[in-house]
Amino acid sequence: MQKMKMMTDITENKDVKILAIESSCDETAASVVVNGRTVLSNIISSQIDLHTIYGGVVPEIASRKHIEKINYVVEEALNTAGVTLEEIDAVAVTYGPGLVGALLVGVSFAKALAYGAGKPLVGVHHIEGHIAANYIENPELEPPFMCLVVSGGHTHLVNVVDYGKFEILGRTRDDAAGEAFDKVARAIGLGYPGGPKIDKVSYEGNPEAVIFPRSKVGDAYDFSFSGLKSAVLNHLNSCQMKGEEIVQADIAASFQAAVVDVLVRNAMEAAKVNKVKKLAIAGGVASNTHLRKAMEEACKKRGIEFYHPSPILCTDNAAMIGCAGYYEYMNGVRSGLDLNAVPNLKLGER
């Protein structure tokens, strides 16, 4: 690829070190990444325990925690990587989408840091970061490929045309898959965070105990999970009114099977039409063991190369932002000190 050759020529005699910051939701994270593929440090301060008692992320609390932790996390990332701020080539930061208050903490800190150190600033799209997480452990992976991004706030089927260039093939019309996991988990008494808990308990249940609907949005590759969520809630209400036993593991397994079926079906249909040879998954729900297994089997059956990050790189982290930030930096992207948080930022927008 010509663009890749240009990058290689530029970095032939010099490693490019990116200090990355991520604060889009409830993880305060910082990382040092070299040449977009080598992670020297990946520090994450999680707030899960703090938000669990509320059944979900409380934006105001998340923002305040970011303020408390961000300086420590960035300092720890530099120390763990064994580099100084002077050795950093650029500062990359998530500026959207996400919770506006949480994003503002990271963006403000990154702007001040870049200005004070005299380093270039690169704003990074959060979903682009999730996609780029696949590059870290798969050095052979290069665009073009298709990526299914599945998280608490997003469900996107994306054609990765080139580094930093994307074509959205499908997206959710309502709830994201991860959001549906959280709501169903709360309804059946598993609590927050829903995804990992449903994944775990579903091994004890029967995925065919209840046949929940598999939505199909016209001829498009779009997704819809609000109907499935409602179907679960209606089933629970019906059981309660009839005095029937509710088997938590069966509900979890049946709900999860419906989500996985829809995700795999849409991805495979899009892969066939677009003659996809490489498919990756990304985002928090991409760490779901049932989804990974089903997608791997579907890809193997069709001769498609399958890629996925380790679970730690599926959830929000700064290493993925450093990876995406590197390619944006090499493509000449620079953000000014007027960079602002954009909570509803669309993929491909700047």
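The values are calculated or read from the model by the stated rules, or taken from the named source; none is laboratory data. These figures come from a predicted structure and were not determined experimentally. Note that we place each Cβ from the backbone using ideal geometry, even for glycine, and neighbour counts take in every protein chain shown.
Residues in region 177-230 that are more than 23 Å from the chain's Cα centre (by Cα) and within 21 Å of Gly55 (Cα to Cα) were compared, and the one that is surrounded by the most Cβ atoms within 10 Å (Cβ to Cβ) is Ile188. Taking each residue of region 238-250 that is part of a helix (DSSP H, G or I) and looking for partners that are among the polar types (S, T, N, Q) with beta-carbon atoms closer than 6 Å, six or more apart or interchain, yields Asp250/Asn206. Could you list all residues from region 292-312 that are surrounded by fewer than 24 Cβ atoms within 10 Å (Cβ to Cβ) and under 19 Å from Phe181 (Cβ atoms)? The answer is Arg292, Lys293, Ala294, His308, Pro311, Ile312. Residues that are crowded, with 18+ Cβ neighbours inside 10 Å, part of a helix (DSSP H, G or I) and of a type in the set (Gly, Ala, Ser) within region 113-144 comprise Ala114, Gly129, Ala132, Ala133, listed in sequence order.
From the set of residues in region 4-38 that are of a type in the set (A, V, I, L, M, F, W, C) and surrounded by fewer than 16 Cβ atoms within 10 Å (Cβ to Cβ), which is modelled with the highest pLDDT?
Ile10
Please verify whether region 244-260 includes one or more residues that are in contact with a helix residue (DSSP H, G or I) (Cβ under 7 Å, 6 or more places away or on another chain), under 26 Å from Leu190 (Cβ atoms), surrounded by fewer than 23 Cβ atoms within 10 Å (Cβ to Cβ) and of a type outside the set (A, V, I, L, M, F, W, C). Yes: region 244-260 contains one or more residues that are in contact with a helix residue (DSSP H, G or I) (Cβ under 7 Å, 6 or more places away or on another chain), under 26 Å from Leu190 (Cβ atoms), surrounded by fewer than 23 Cβ atoms within 10 Å (Cβ to Cβ) and of a type outside the set (A, V, I, L, M, F, W, C). Take the conditions (1) more than 13 Å from Ala177 (Cβ to Cβ); (2) of a type in the set (S, T, N, Q); (3) part of a helix (DSSP H, G or I); Asn206 misses just one of them, which is (3).
Restricted to region 145-155, and to residues that are surrounded by fewer than 24 Cβ atoms within 10 Å (Cβ to Cβ) and in contact with a strand residue (DSSP E or B) (Cβ under 6 Å, 6 or more places away or on another chain), which residue is nearest to Pro59 (Cα to Cα)?
To start, the set of residues in region 145-155 that are surrounded by fewer than 24 Cβ atoms within 10 Å (Cβ to Cβ) comprises 145-146, 153-154.
Next, only the ones that are in contact with a strand residue (DSSP E or B) (Cβ under 6 Å, 6 or more places away or on another chain) stay: 145-146.
Working: Phe145: 34, Met146: 32 Å.
So the residue we want is Met146.
Quick one: would you say Ala270 is in a helix (DSSP H, G or I) and hydrophobic (A, V, I, L, M, F, W, C)? Yes. Being under 14 Å from Ala267 (Cβ atoms), in contact with a helix residue (DSSP H, G or I) (Cβ under 6 Å, 6 or more places away or on another chain) and of a type outside the set (Asp, Glu) holds for only one residue in Leu169, Leu190, and it is Leu169. Here Ala110 does not qualify as part of a helix (DSSP H, G or I), under 18 Å from the mean Cα position of the chain (by Cα) and touching a residue at least 12 places away in the same chain (Cβ under 8 Å).
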